[in-house]
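Structure record follows, encoded as structure tokens.
Nothing in this text is a laboratory measurement; each read-out follows from the coordinates by a stated rule. Everything numeric here is computed off the predicted structure, so don't read it as measured data. So basically every Cβ, Gly included, is an ideal-geometry build from the backbone, and we count neighbours across all protein chains shown.
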Amino acid sequence: MARIELIDLAHAYKPNPSAPTDYALRPMTKTWDDGGAYALLGPSGCGKTTLLNIISGLVKPSHGRVLFDGRDVTQLPTEARNIAQVFQFPVIYDTMTVYDNLAFPLRNRGWKEQETRKRVEQVAEMLELSHDLKMRASGLSVDAKQKISLGRGLVRPDVAAVLFDEPLTVIDPHLKWLLRRKLKEIHHELKLSLIYVTHDQVEALTFADQVVVMTQGEVVQTGSAQALFEEPEHTFVGYFIGNPGMNLLDCTVHDGLARIDANDVPLSAAAKAALAGVTGKITLGIRPEFVELAAGQQPDTVAATVVAVRNMGTHYLAEFRVGANSVAAKLRVCDAVVGAQAWLRFPQERTLYYVNDKRVA
Ligand SMILES: Nc1ncnc2c1ncn2[C@@H]1O[C@H](COP(=O)(O)OP(=O)(O)OP(=O)(O)O)[C@@H](O)[C@H]1O
């Protein structure tokens, strides 16, 4: 396993890039700890695969260096980087048995048969493939074939990292859920460095210890599921993580108050200090989970109009309008009537403030 460092890395597919938008990956410096389980999360086209391919050596970066345990591998081809890769679709030998497929990467490196058997059986057991070991891969379902691909990725203990590119795409939803949990268990047991690309936040948050969130070629935050939920550092993280995502409202600040539409609500002492001297557009962020419906107007409430209320079984999902802003709220009880006026409270300790999309308080 290896610590992976990306130093001043940037990549443009087009020649002579000039504007930031010419880059599939904008300049970044980043370290991936040895033995970490990372998910690389972001919408389609944000640069996840490009970043993964630079780590694996499939793409040579137009700028910067890639180090594995301090060794510069930027110019090395994939096969010289000692990594394992698992792709969206199964990459296995159909004519071989499951056992031989799993043993292949080890035999290739000259492992003795006894040690090979031990490791193959260990990985097969973890992926619940033990009963299929003697079967020919060609007769198996696509789910089972993809489990073999995962097993082949995980079988070598000496790789610098195992890179997964949306590996559960072809897997049936129920098995997907099981495999995500399995991969987490396997990570704790085998202590491999894993980097897992996905556009699915549930997948990222259940699998990884650290989620690296990307948008438009940039890493905007790396953090645990809890940090991304409670303290998004960038408005994109707030909006992208969560269902629905964070409410982002325009506001201004004056005299220790935040003005939201025509409402002035008090800032916390910390927000007051952080926003002192800030003029112009500020974005207030509040998760739907933390919005409260007040009984009536108070000094800390905001006037809203009820747009929609849906009973979701476990909670009510309500949508309000505050001036030009839409505000979603997840409420345990809700007697709001569509079209009526309501009063919302944004608890100070749950309200975040952003300037130019970056969190300041
Ligand atoms: N070989 C290529 N040549 C030119 N442009 C490319 C190439 N590969 C990717 N791009 C562009 O680079 C940007 C980042 O693409 P990339 O595939 O890395 O994103 P992604 O986040 O992995 O998206 P997806 O989830 O859709 O695969 C996109 O604008 C894409 O169109």
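Here is how the numbers come out for the structure above:
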| quantity | calculated |
| --- | --- |
| Sequence-distant lysines (8 or more away, or on other chains) whose Cα lies within less than 25 Å of K176 | K48, K134, K145, K147, K184, K191 |
| Mean separation of Cα contacts under 8 Å (6+ apart) over length of the stretch 127-237, as relative contact order % | 19 percent |
| Max mean-square fluctuation residue, GNM over the chain, Cα-Cα springs under 10 Å, options Q216, Q114, Q201 | Q114 |
| Projected label distance in nm at K60 and T29, using a 7 Å step from Cα toward the beta-carbon | 2.4 nm |
| Full-stretch length increase - F89, K14 - with 0.36 nm per residue and alpha-carbon distance subtracted | 24.2 nm |
| The chain: angle of helix 142-154 to the longest principal axis, Cα-based, in degrees nearest 10 | 80 degrees |
| Reach of K112 by Cα under 16 Å, taken over aspartates and glutamates that are not fewer than 8 positions away in the same chain | D100, E121, D158 |
| Packing rank of 304-316, 325-337, 142-154, where each peptide gets the mean count of other beta carbons within 10 Å, highest leading | 142-154, 325-337, 304-316 |
| The stretch 39-52 - phi-based ³J(HN,Hα) in whole Hz, Karplus 6.51/-1.76/1.60, Gly and Pro as x | 10, 10, 10, x, x, 4, x, 7, x, 4, 5, 4, 5, 4 |
| Helix-derived mean residue ellipticity, 222 nm - over the chain, DSSP H n ≥ 4, -39500 (n - 2.57), to 500 | -7500 deg cm²/dmol |
| Highest-first arrangement of 55-61, 15-21, where packing means the average Cβ count within 10 Å | 55-61, 15-21 |
| Rounded to whole Hz, the Karplus (6.51, -1.76, 1.60) HN-Hα couplings of the stretch 117-128, x for glycine and proline | 4, 4, 5, 4, 5, 5, 5, 4, 4, 4, 9, 6 |
| Rh by Kirkwood over Cα pairs, then Stokes-Einstein D for the chain at 1.306 mPa s and 10 °C, µm²/s | 69 µm²/s |
| Net charge dipole size for the stretch 267-350 [Lys, Arg +1 and Asp, Glu -1 on Cβ; Debye, nearest 20] | 180 debye |
